[in-house]
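> One structure is given below, represented as structure tokens, and several questions about it will come after.
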Amino acid sequence: MTTPREIKVYRDLMGANAEWAAKTRALLAERSIAMVNVISAPGSGKTTLLERMIPALAGRLRFAVLEGDLETTRDAERLDALDIPVYQLLTGGSCHLEAKLVHHALLDLPLDDLEVVIVENVGNLVCPAEFDIGEAGKLAILSVTEGEDKPVKYPLLFHEAVAAVITKIDLLPYVPFKLEECRRYLAQTNPAAPVFEVSSLTGAGMDAWLTWFTAFVAAHR
Amino acid sequence: MHEFAIGEALVSAVLSELAAVQPPPARLTRVRVVVGAMRQVVPEYLEFAYEVLTQETPAAGSALEIRALPITVRCHACHWEGTVELGVFLCGACGAADLAPLTGMELYLDQLEVEHDDPA
């Protein structure tokens, strides 16, 4: 005969990740570095936005990029041309970056020479939003070639983001994207987060975006 | 597919909690995990991950019960409280998206069920 017994546990499953994220926050605070976690769907223009903004801020901010991808180093190779430290994080099929992996990658960067670390997360709107990696803020990016209802379809990311950037606005005349509706959803999902409309191709909207970004970095390092 | 990462955290939590049970039980029969809908966990994937990751551990063969919690919110605009579907994060009364989440973000190991062999 056997006696069954129930044991109440209540143990948070994100606890280990949260501990690594806390270590990263302490490390970044000590080195006076702001880390930004950039999250979007695949193909929304994350890498292209970085290719535009990093040279524009050269001389004012010293960057490094941690480039998260499932496979291949193609995005990291593009950013290598910018002459900044770029570290490729291959998740080998996992759909998001976790705090431990990011922490170890940070230790390989020349932290004394940096003011900003940009983490380009794996292209995905679901899983990366789940995992705190110790960032100062999550940045949500969506392009006008996607649906304007993304903020209400993926509320976790847009709810948590410190800002949203709408990219590829040079394509607005050619796509059915409803910009006003998107702005309304964004404002409602996260009333506190500013929204920027940019074209990495033409440079439209880039000044306002870079001004905000520079101020955010200054406030978080 | 974040289910394997969650599965790894789950199995590690289960094994450490199980090792701490006094007196040591004969076997682990069932594990209950609570998952809010905002976590977007596919139950079948998490079950599969659990089965694979517990193989050749003291938790092997235990059943995984996934208790799903809905997304409930309070509307800042009209104070409506209720359940919303994932993918439509809008107030059920006035349609606003300015919502405070009440439940839906849970992700924790809730309970273990073990068996003790009775003395013959």
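The values are calculated or read from the model by the stated rules, or taken from the named source; none is laboratory data. Note that the structure is a prediction, hence the values are computed from the model and not measured. Neighbour counts are summed over all protein chains in view; Cβ atoms, including those assigned to glycine, are modelled from backbone coordinates with ideal geometry. Note: areas computed on protein heavy atoms with side chains; ligands, DNA, RNA excluded. Shrake-Rupley method; radii C 1.70, N 1.55, O 1.52, S 1.80 Å.
> Mind telling me which of the residues B:ASP110, B:ASP117 ends up being open to solvent by less than 60 Å² (accessible area, probe 1.4 Å), closer than 27 Å to A:ARG11 by Cα and acidic (Asp, Glu)?
Just one listed residue meets the conditions, B:ASP110.
> So B:HIS79 ticks every box in (1) part of a strand (DSSP E or B); (2) without any contact (Cβ under 8 Å) to a residue 12 or more places away in the chain; (3) open to solvent by 40 Å² or more (accessible area, probe 1.4 Å) but one. Which box is left unticked?
(1)
> Same structure again: Mind checking which helices (runs of 4 or more DSSP H) fall wholly inside segment A:123-219 and carry at least 3 residues that are farther than 30 Å from A:THR91 by Cα and modelled with pLDDT of 95 or more?
In segment A:123-219, A:179-189, A:206-219 are the helices (runs of 4 or more DSSP H) which contain 3 or more residues that are farther than 30 Å from A:THR91 by Cα and modelled with pLDDT of 95 or more.
> Just to verify a result, which residue in segment B:87-107, among those that are surrounded by 18 or more Cβ atoms within 10 Å (Cβ to Cβ) and under 19 Å from the mean Cα position of the chain (by Cα), is nearest to the other protein chains (Cβ to nearest Cβ)?
B:LEU107
Each row is one residue, and each column tells you yes or no for (1) open to solvent by less than 40 Å² (accessible area, probe 1.4 Å); (2) in contact with a strand residue (DSSP E or B) (Cβ under 9 Å, 6 or more places away or on another chain); (3) within 11 Å of another protein chain (Cβ to nearest Cβ); (4) among the charged types (D, E, K, R).
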residue	(1), (2), (3), (4)
A:ASP80	no, yes, no, yes
A:VAL86	yes, yes, no, no
A:LEU90	no, yes, no, no
A:SER94	yes, no, yes, no
A:VAL102	yes, yes, no, no
A:LEU111	yes, yes, no, no
A:GLU115	yes, yes, no, yes
A:ASN121	yes, yes, no, no
A:PRO128	yes, yes, yes, no
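> Sticking with this one: Do we have any residue at all in segment A:113-120 that's within 30 Å of B:VAL73 (Cα to Cα) and either part of a loop (DSSP other than H, G, I, E, B) or not β-branched (Val, Ile, Thr) (or both)?
Within segment A:113-120, the first condition is being within 30 Å of B:VAL73 (Cα to Cα), and the residues that meet it are none.
Within segment A:113-120 (the criterion being within 30 Å of B:VAL73 (Cα to Cα) and either part of a loop (DSSP other than H, G, I, E, B) or not β-branched (Val, Ile, Thr) (or both)), the answer is no, since none of the residues qualifies.
> Report, by residue number, each residue of segment A:1-51 that is part of a loop (DSSP other than H, G, I, E, B), modelled with pLDDT of 95 or more and not small (Gly, Ala, Ser).
A:ILE33
> Of (1) surrounded by fewer than 17 Cβ atoms within 10 Å (Cβ to Cβ); (2) in contact with a helix residue (DSSP H, G or I) (Cβ under 9 Å, 6 or more places away or on another chain), A:LEU49 satisfies all except one. Which?
Just one mismatch for A:LEU49, condition (1).
> Let me spell it out: the conditions are (1) in contact with a strand residue (DSSP E or B) (Cβ under 8 Å, 6 or more places away or on another chain); (2) farther than 16 Å from A:GLU6 by Cβ; (3) open to solvent by 70 Å² or more (accessible area, probe 1.4 Å); (4) not in a loop (DSSP other than H, G, I, E, B), and B:ARG30 meets all of them except one. Which number is the exception?
(2)
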